[in-house]
Amino acid sequence: MRRAHLRFLDVREASVALMLVAVAVYLSFASDYFLAPRNLLNVGRQASVVGMVALGQALVIIARGIDLSVGSVIGLSAVAGAIVARETGIDGLSLPVAAIVGLACGLFNGLLYTKLRINPFIATLGTLSIARGIALLLTGGLPVPLAGPAEFLGAGRLGGIPVSLIIMLVLAAVFVVIAGSTRFGREVFAIGDNPKASRLAGIPLDWVRLRVFAISGMLAGFGGIILAGNLASADPNLGLGYELDVIAAVILGGTSLSGGRGSIPGVILGAVLMALLNNAFVLLGISAYWQVVTKGVVIILAVGLDSIRRDKSADD
Amino acid sequence: MSLLEARGIEKGFGGNPVLRGIDFSVRAGEIVGLLGENGAGKSTLMNILSGNLQPDRGTIAIAGREASLGSAAAGQALGIRFIHQELSLLPSLTVAENISVGRLPRGRLGLVDRGRMRRNARAALDTIGAMGIDPKRLAGSLRLGEQQLVEIARAVSHQPRLLIMDEPTSSLTAHEVDGFFAFVRRLAAQGTAIIFITHRLEEALSLCHRLVVLRNGALVADRPAEGTDRQTLIADMTGRASLFTYQPHADAPGERLLEVEAAGDGSDLAGIDLDLRSGEVVGLFGLVGAGRTELLELIFGARRLRTGRIEIGGRPARFASPADAVRRGLALVPEGRKVQGILPQHDIARNVAIANLGAFGRFGFVSSRRERAAADRYRQALGIRMTGPRQAITALSGGNQQKVLIGRALATGPRLLLLDEPTHGVDIGAKSDIYEIIRAEARSGRGILVASSETEEILTLCDRVAVMSKGRLVDMLDRGSMSEARMVELAFTGH
């Protein structure tokens, strides 16, 4: 019975929170600059796009799928938004266009999975390549300048706090409600837990899966334009390798790769942890190449912990 | 003199008494059947006798001398072997390696003598009547029943004085059971004491010399098997007299709910005619593979209707998915709780609510409070033994999990309830509860279609029975012509 009260921050989230604290404490001693407000807000900004996209990815993984295409969708959506804004001269169009392109990519993934029954790993791997290719074709490989509201969302501040961080936190709050208190959220968890049982309980599996991928795509599109806004330019290579950070954030946050289990606060903590690790390399002056290696190690560790936890619970 | 004698055994977990002063003994060469519902304390008692658990109070004497069994190893040293229901074979090792594990025969140079290891394994398997298992196969590639036999062969190769087996026949085929029983009798004749935990009353009656029944942690009966019958045992186990008696309905059946005409799925089913009225309980009987489950799936939209037609409440029903069927007032409690029924990582409340989330909130939201309230309601109505709505469903016994799934189906307010093997793998107390639930739901006006492979279940519950054979519905029997012999005869029609 006492477990009920621990729900909000159960053991899985506690472990990522502990790691977070450990890294933060270490950095505050190792670097004089770490606790400077500018640096902390910077970390928050970095965490915001990963966190946003990880919210959608979390739903996908909880429903037993995976979306490898988010990095490329970030690039394609940003480029498409920037080009439409440039061609029409209406800067405000970059946001909705990016979100719609992201949504379309998500629907494409979802339809490949639900209609053609292509395994999501393969389907989204294909989309990863297609979306990146289209982004390169559209731009000829050159960045497109971007200004207007996208720049505000990406680089602006409200009361000293980065706008992107605020957006991410608002979205996270919305997702806490979606995951915990809506019919759709319940169905996502149920499908991930036991798809056969869910189908026989009358849950429309394909409709739920399609929406899950659509949401993930749309958030990637939205994240893409924010990322580009921060740089005031949409690079066709934007978001390259981002899927790694996003999936790592989701898994670190305690979401089970085998589906049916996960928490939104955990995902956000995971995203902050990834940003903190990135920050650590900059502050400590370690080669950026080591950063790439470390990300891989972190993913393997996180998945390894997940399967150890699963083995344990199987033994119980 | 008894080989093992336990006196005044008491054991509790977290303040809950599980065993309340049990006196139990077994002689050399005796086969004792241990019966009782799930949760009666059978496994706990056997764990204490084998040294896996320590009693809170009470003494155990082996061959007249008081023994302290501090661990399973201590029990094994005294010649006690307990074969648990959960198998402990190493799947990536061969059968022979599994049987010899921990004492592999060494040859010259200290290397494992594989030839001798295989011969030992062959001999051990032959003794227990498992001639068909090749010692060279990987344990993981064996059927569950075969794995069970390997486990038994391993225990027997230690030549125990007391062999305790927890439901050893649950996954064996009829043929394997015969060979296994012959072995158990031989082993007993050689002087080994055997304790046999089972849910199958016929097996207990035919194999055992003496039958001991536990109920709620107390020993309530200790009888010689000879002269004891099923009814007596059921009464001992449940504390209730008659379980398996048909209760006719007071009311005549109501409007026609389901009509199936010449229906088929193009592969497994063809030409099915069936009808069902509200307030009626209709059985679907047949051998394994007769198409009972498939027919339920066809009606429920989990299988595509290719030929013929189905009407629900007088309107045609061509369901593209179970979701459509649920919307039209159907609910299915599937066969195979673990695979197709429960959401193992969800609590009881969410397992109950998942089929009808719309009823637990508005505008797409779901109220956890209302889900929990529903779980509490069904806990009362269906007699689910649980600590609370937030308890993990996997913590419940099979019978209670099944009740949760029935609650899930009822929560959708179905007019037509489809039940596939509703009492498969549940203990006898839960079985009688589930029968009561089914009768009550029929009285309240639902139509109920029960697929079962147990003639007894059909005869107890159903007003009519449709007998299937090889994907066809052979005949529909009403109460007047229903009998076990007739049902089985019809089930073999297509064979």
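The values are calculated or read from the model by the stated rules, or taken from the named source; none is laboratory data. None of the values given here were measured: they were computed from a predicted structure. Cβ atoms come from the backbone with ideal geometry, glycine included; neighbour counts cover every protein chain shown. Keep in mind that these areas ignore ligands, DNA and RNA; they rest on the heavy atoms of the full protein, side chains included. Shrake-Rupley method; radii C 1.70, N 1.55, O 1.52, S 1.80 Å.
One table, with the values for the structure above:
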| item | result |
| --- | --- |
| Shielding by partners - mean other protein chain Cβ count within 10 Å, residues of A:186-196 | 5 |
| Equivalent ellipsoid, the protein assembly as shown (semi-axes from 5 times Cα gyration tensor eigenvalues, Å) | 55, 36, 24 |
| Residues in segment B:305-332 that, when all protein chains are in place, have 30 Å² or more less accessible area than the chain alone would give (probe 1.4 Å) | B:Pro322, B:Ala323 |
| Relative contact order (%) - criterion: Cα under 8 Å, at least six apart; region: chain A | 32 |
| Candidate lysines for bridging to B:Lys338, where Cα separation is under 24 Å - those fewer than 8 sequence places away on the same chain excluded | A:Lys196, A:Lys312, B:Lys42, B:Lys403, B:Lys431 |
| Accessible carbon and sulfur surface of segment A:36-315 relative to its total accessible area, %, 1.4 Å | 71 |
| Helix runs (DSSP H) in chain A reaching 24 Å along axis by Cα, Kyte-Doolittle at least -1.0 | A:11-30, A:37-62, A:70-88, A:94-114, A:120-139, A:163-181, A:205-231, A:264-284, A:288-315 |
| Mean separation of Cα contacts under 8 Å, 6 or more apart, over the residue count of segment A:28-158: relative contact order % | 28 |
| Probe 1.4 Å, protein heavy atoms only - accessible area per residue of segment A:36-315 in square angstrom | 38 |
| For chain B: accessible area per residue (Å², 1.4 Å) | 43 |
| Using distinct alpha-carbon pairs, which all enter the 1/r mean, Kirkwood radius of segment A:218-263 in Å | 12.1 |
| Chains A and B together, accessible area buried on both sides, 1.4 angstrom probe, square angstrom | 2300 |
| Anisotropy class of segment B:171-288 from Cα gyration tensor, a/c 1.5 cut | oblate |
| Sites B:Met131 and A:Val177, calculated FRET efficiency, Cβ-Cβ separation with R0 41 Å, nearest 0.05 | 0.10 |
| Equivalent ellipsoid dimensions for segment A:36-315 as semi-axes, Å, which come from the Cα gyration tensor, largest first | 29, 23, 17 |
| Cα-based reach from A:Lys115 at 12 Å (exclusive), listing aspartates and glutamates while leaving out same-chain residues under 8 positions away | A:Asp206 |
| Residue among A:Pro96, A:Ala22, A:Ala249 farthest towards the positive dipole end of the protein assembly as shown, charges placed on Cβ | A:Ala22 |
| Computed Kirkwood radius, in angstrom, where 1/r is averaged over Cα pairs of segment A:129-288 | 17.8 |
| Loop-resident sites, segment B:126-175, for trypsin sites (Lys or Arg not before Pro), counting at most 15 other Cβ within 10 Å (DSSP) | B:Lys136, B:Arg137, B:Arg143 |
| Most positive-pole-ward Cα, A:Gly221, A:Leu153, A:Trp290, against dipole of segment A:36-315 from beta carbon charges | A:Gly221 |
| Cα-based shape type of chain B, given that a ≥ b ≥ c are square roots of the gyration tensor eigenvalues and the cut on a/c is 1.5 | prolate |
| Calculated [θ] (222 nm, deg cm²/dmol) that DSSP helices of n ≥ 4 give over chain B, each run adding -39,500 (n - 2.57) | -9500 deg cm²/dmol |
| Within straight-line cross-link reach of B:Lys136, aspartates and glutamates at Cα separation under 12 Å, skipping those fewer than 8 residues along the same chain | B:Glu97 |
| Relative contact order (%) - criterion: Cα under 8 Å, at least six apart; region: chain B | 14 |
| Of all DSSP beta bridges in the protein assembly as shown, antiparallel share, percent nearest 5 | 60 |
| FRET efficiency, 1/(1 + (r/R0)^6) with R0 51 Å, evaluated for A:Ala155 and B:Thr387 via beta carbons | 0.45 |
| Value of D in µm² per second that Stokes-Einstein yields for segment B:67-179, Kirkwood Rh from Cα pairs, at 4 °C (1.567 mPa s) | 89 |
| Average beta carbon contacts from partner chains per residue of B:291-303, 10 Å cutoff | 1 |
| Segment B:102-132: trypsin sites (Lys or Arg not before Pro) in DSSP loop, at most 14 other beta carbons within 10 Å | B:Arg103 |
| Portion, in percent, of the accessible area of chain B that falls on carbon or sulfur, probe 1.4 Å | 49 |
| Cα-based shape type of segment A:113-208, given that a ≥ b ≥ c are square roots of the gyration tensor eigenvalues and the cut on a/c is 1.5 | oblate |
| Cα-based convex hull, segment A:53-100, per residue volume (Å³, whole number) | 62 |
| Exposure of B:Met386 as accessible area (Å², to 10), given a probe of 1.4 Å and all protein chains | 20 |
| Sites B:Ala440 and B:Ala320 - FRET efficiency at Förster radius 35 Å, r taken between beta-carbons, to 0.05 | 0.60 |
| Sequence ranges B:72-83, B:321-332, ranked by mean other-Cβ count within 10 angstrom, highest first | B:321-332, B:72-83 |
| Under DSSP loop assignment and at most 12 Cβ neighbours within 10 Å, longest trypsin sites (Lys or Arg not before Pro)-free interval of chain A | A:118-316 |
| Between segment B:315-363 and segment A:96-111, the alpha-carbon center distance in angstrom | 30 |
| Where N is the number of residues in segment B:68-132, Cα Rg divided by 2.2 N^0.38 Å | 1.31 |
